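Colleague: The structure that follows is given in the form of structure tokens.
The values are calculated or read from the model by the stated rules, or taken from the named source; none is laboratory data. These numbers come from a predicted model, not from an experiment. Reconstructed Cβ throughout: ideal geometry from the backbone, glycine too, with neighbour counts over all protein chains shown. Calculation scope for accessible area: heavy atoms of the full protein, side chains included, ligands and nucleic acids excluded. Shrake-Rupley method; radii C 1.70, N 1.55, O 1.52, S 1.80 Å.
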Amino acid sequence: MPPFVYRITKYDPADRDEHGSYIGTEGSTSDHGPVEAAYLQAIAAFAEDTGIDRLAIREPGISGLAHFGLEPSVDGHGLAGLFPPNLSGFHDGAEVSLSLGLELVRVMLRDNGAWCRLEVEDRFVVQVGWDQYVYVSSDKPCERAFARTLALGLFPERLEASPYDADFDEPGVQRPADEDFWARLRWSIAMRQAAILEEGYLHNASRWHRLTDGNLAAARARLTPRAQLTVWPDLSTDVDAVLASLPDEGPVEFVWEDENGAISSTMADESEYRELAAQVAGARAAMALSLALDERHPLFTAVLPDSDGVLRARWRTEPTPSDWNWAFLKTLHRGQICTGTVTEIASFGVTFVDIGGFTAMINIPELSWRRFDHPSDVVAVGQEISAEILDVDLVRERVALSLKALQEDPMPPFVQQVGQTVTGVVTKLVPFGAFVRIEDREDGLEGMVHLTELTEGQVDRPEDVVQVGDSLPVKILEVDLPRHRITLSHLQAFAPGER
């Protein structure tokens, strides 16, 4: 933040008690006259000293469920005439002239229902606090503006910091709506997991979009810059059941889709349920959302980055399991070695491994280079293992691991034995031949002897020539390392005439 911080007030410092609290008679509401004008002239003086004539809107918002200001509530939140009715242009990062910025300060001084921070990054910040306290920060000492403020009848003070400075160290994940996010959303729509996108374009203001694979690109193009995005499952078509499930007390957010397909939301408590039911009569679908973060269950969330891909919006997204997964998966990469605990061996053979709270999986071919009958022959539930990451899929939120990648492949030494004859044990018969273990160990490597290489002449079934357990001389014809296959011949294991 800029180092030179000034607090500007209309309150005489002499009228404060030993704790610094104001005890004078000055009212805390805007006078809509000379005092208000003095505030605006003082801010203009500080801007002139700093050398700026344009400002960026940061963290904008409008009043929500309740109006807590001292001024009467104003239609349009005081922004009528400054921005269009849909408030386009009033969003985080929007650049405005100094004159429009001063009008926004006027709106905040009057507590009309809209607020924001105005700044030029690292150079200048204007913040309006409670009770007509205004904080101006600059990257330059502003002696002329300080003197001008005194001459206007206001009381400037130099501070170490503004109490309204943005907290850049808030806990939690801030997920960008990058291409990984949109790919994840597109996949979720295809899987019928996601259907509704909530666009938080201001604090306390949202727009709702029904999503399909066909309209996702168009919906994305209409979003307000730096908006908060929250992805929800579909609304319930049983609107009566949703209304019946509303809590006995306390406010909720009610979201519904009307007969024309428009999605709206409103806040309501138990005293307003009858009016709410009348308002949503004829709705196609609805859902009720708790206002408590730990009771809201979106699928995942994100914040729109700027066009250059940089995430400059400061507000946080709601924490969801998917957002945690995304943050964790971003720390992983192919080829990385990780440790984990086997949590499950599924009936279909896949082994699941907990790697720091995320469940990764090992497919059967990646358990071992060697033959086994069941994954439980290789790993056990509760066993701690090390494995190599084969793939990190941010769209499906999957991580594929390999145990055998950390094991030595036993097959390459057999390349040197191509053309040699060895004696092996028949382990399995199949319609097209027999498998023979040519390595002297229980899980030794096996090769395939095709029917045509078992004996001379026509043979229809391998069991007409050999049985499981037979000792069989074979010649190693080929070692295919990429496909991990060994081709053998019993017929060629003998010199001409030996048989």
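Colleague: Note down the net charge around ALA44, summing +1 for each Lys or Arg and -1 for each Asp or Glu among other residues with Cβ under 11 Å from its Cβ.
Modeller: -2
Colleague: Could you go through the range 102-114 in sequence order and give the Karplus-derived ³J(HN,Hα) for each residue, using 6.51 cos²θ - 1.76 cosθ + 1.60 with θ = phi - 60°, rounded to whole Hz, and x for Gly and Pro?
Modeller: Rounded to whole hertz, the list is 5, 5, 5, 4, 4, 4, 6, 4, 7, 6, 7, x, 10.
Colleague: Based on the Cβ-Cβ distance from ALA151 to THR343, what FRET efficiency comes out when R0 is 56 Å, to the nearest 0.05?
Modeller: Step by step, r from the Cβ atoms, then E = 0.20.
Colleague: Right, another one. Please go through the range 335-413 and write out the chymotrypsin sites (Phe, Trp or Tyr not before Pro) that DSSP classes as loop and that have at most 15 other C-beta atoms within 10 Å.
Modeller: PHE348, PHE372
Colleague: Using a 7 Å offset from the Cα along the Cα-to-Cβ direction at both ALA166 and ARG314, what is the distance between the two label points in nm, to one decimal?
Modeller: Result for the modelled spin labels: 0.5 nm.
Colleague: How many percent of DSSP beta bridges within the chain run antiparallel, rounded to 5?
Modeller: If I count the DSSP bridges inside the chain, around 95 percent turn out antiparallel.
Colleague: From the protein chains alone at 1.4 Å, what is the descending order of accessible area for TRP324, TRP130, largest first?
Modeller: Ranking TRP324, TRP130 by accessible area, largest first, yields TRP130, TRP324.
Colleague: Only four residue types carry charge here, +1 at the Cβ of Lys and Arg and -1 at the Cβ of Asp and Glu. Report the dipole size of the chain about the Cα centre in Debye, rounded to the nearest 20.
Modeller: 1260 debye
Colleague: If Lys and Arg each add +1 and Asp and Glu each add -1, what is the summed charge of the other residues whose beta carbon sits under 14 Å from the beta carbon of LEU98?
Modeller: Spelling it out: positives minus negatives among the neighbours equals -3.
Colleague: Would you mind checking which residues have amide H under 5 Å from ALA227's amide H? H placed 1.01 Å from N; only 5 or more apart, or other chain.
Modeller: Residues meeting the criterion, in which the H sits 1.01 Å from N, are LEU304.
Colleague: Same structure, new question: Measure off 7 Å from each Cα along the Cα-to-Cβ vector at MET361 and ASP75, then give the distance between these two points in nanometres to one decimal.
Modeller: My value for the distance between the label points is 5.8 nm.
Colleague: So what are the ³J(HN,Hα) numbers for the range 345-359, from phi and the Karplus equation (6.51, -1.76, 1.60; θ = phi - 60°), rounded to whole Hz, Gly and Pro as x?
Modeller: Per-residue couplings from phi come out as 10, 6, 4, 8, x, 5, 9, 9, 10, 7, 10, x, x, 10, 8 Hz.
Colleague: Let me ask another. Sort 279-286, 135-142 by the packing proxy (mean of other Cβ within 10 Å over each peptide's residues), most packed first.
Modeller: The packing order, highest mean first, is 135-142, 279-286.
Colleague: Note down the relative contact order for the chain as a percent, whole number, built from C-alpha pairs under 8 angstrom at least six residues apart.
Modeller: In percent, rounded to a whole number, it is 11.
Colleague: Which is the longest stretch in the chain that no exposed loop site breaks, taking sites as GluC sites (Glu not before Pro) with a DSSP loop state and at most 15 other Cβ atoms within 10 Å?
Modeller: After excluding every exposed loop site, the longest remaining stretch is 260-407.
Colleague: Give me the percent of Cα-Cα pairs in the chain that sit more than 29 Å apart, rounded to a whole number.
Modeller: 67 percent
Colleague: For the pair GLU275/SER307, report the inter-label distance in nm, with labels modelled 7 Å from Cα in the Cβ direction.
Modeller: 4.3 nm
Colleague: Further question on the same structure: For LEU429 and ASP31 in the same chain, what is the full-extension length gain: residue separation times 0.36 nm, less their Cα-Cα distance, in nm?
Modeller: Length gained, LEU429 through ASP31: 133.6 nm.
Colleague: May I ask you to derive the relative contact order of the range 333-400, considering only C-alpha pairs under 8 Å and at least 6 residues apart, and to give it as an integer percent?
Modeller: 40 percent
Colleague: While we're looking at this one, here's another question. Assuming 0.36 nm per residue, please report the length gained on full extension of the stretch ASP238 to GLU48 beyond their Cα-Cα distance.
Modeller: Roughly 62.5 nm would be gained on extension.
Colleague: Restricting to Cα pairs below 8 Å that are 6+ residues apart, what does the relative contact order work out to for the range 223-290? Please round to a whole percent.
Modeller: It comes to 41 percent, rounded to a whole number.
Colleague: Given 0.36 nm per residue, what is the gain on full extension from ASP443 to GLU463 after removing their alpha carbon distance, in nm?
Modeller: 4.9 nm
Colleague: How tilted is helix 34-50 with respect to the longest principal axis of the chain? Cα atoms for both, answer in degrees (0 to 90, nearest 10).
Modeller: Roughly 50 degrees, rounded to the nearest 10.
Colleague: Residues with beta-carbon under 14 Å from that of GLY20, excluding GLY20: net charge, scoring Lys, Arg +1 and Asp, Glu -1?
Modeller: Taking every Cβ under 14 Å from that of GLY20, the sum is -4.
Colleague: With every protein chain in place, what's the accessible area of HIS91 (1.4 Å probe, Å², nearest 10)?
Modeller: Using a 1.4 Å probe on the heavy atoms, I get roughly 30 Å².
Colleague: Counting only helical runs of four or more DSSP H residues, what would the 222 nm mean residue ellipticity of the chain come to if each run contributes -39,500 (n - 2.57) and the total is spread over all its residues?
Modeller: Result for the chain, helices only: -4500 deg cm²/dmol.
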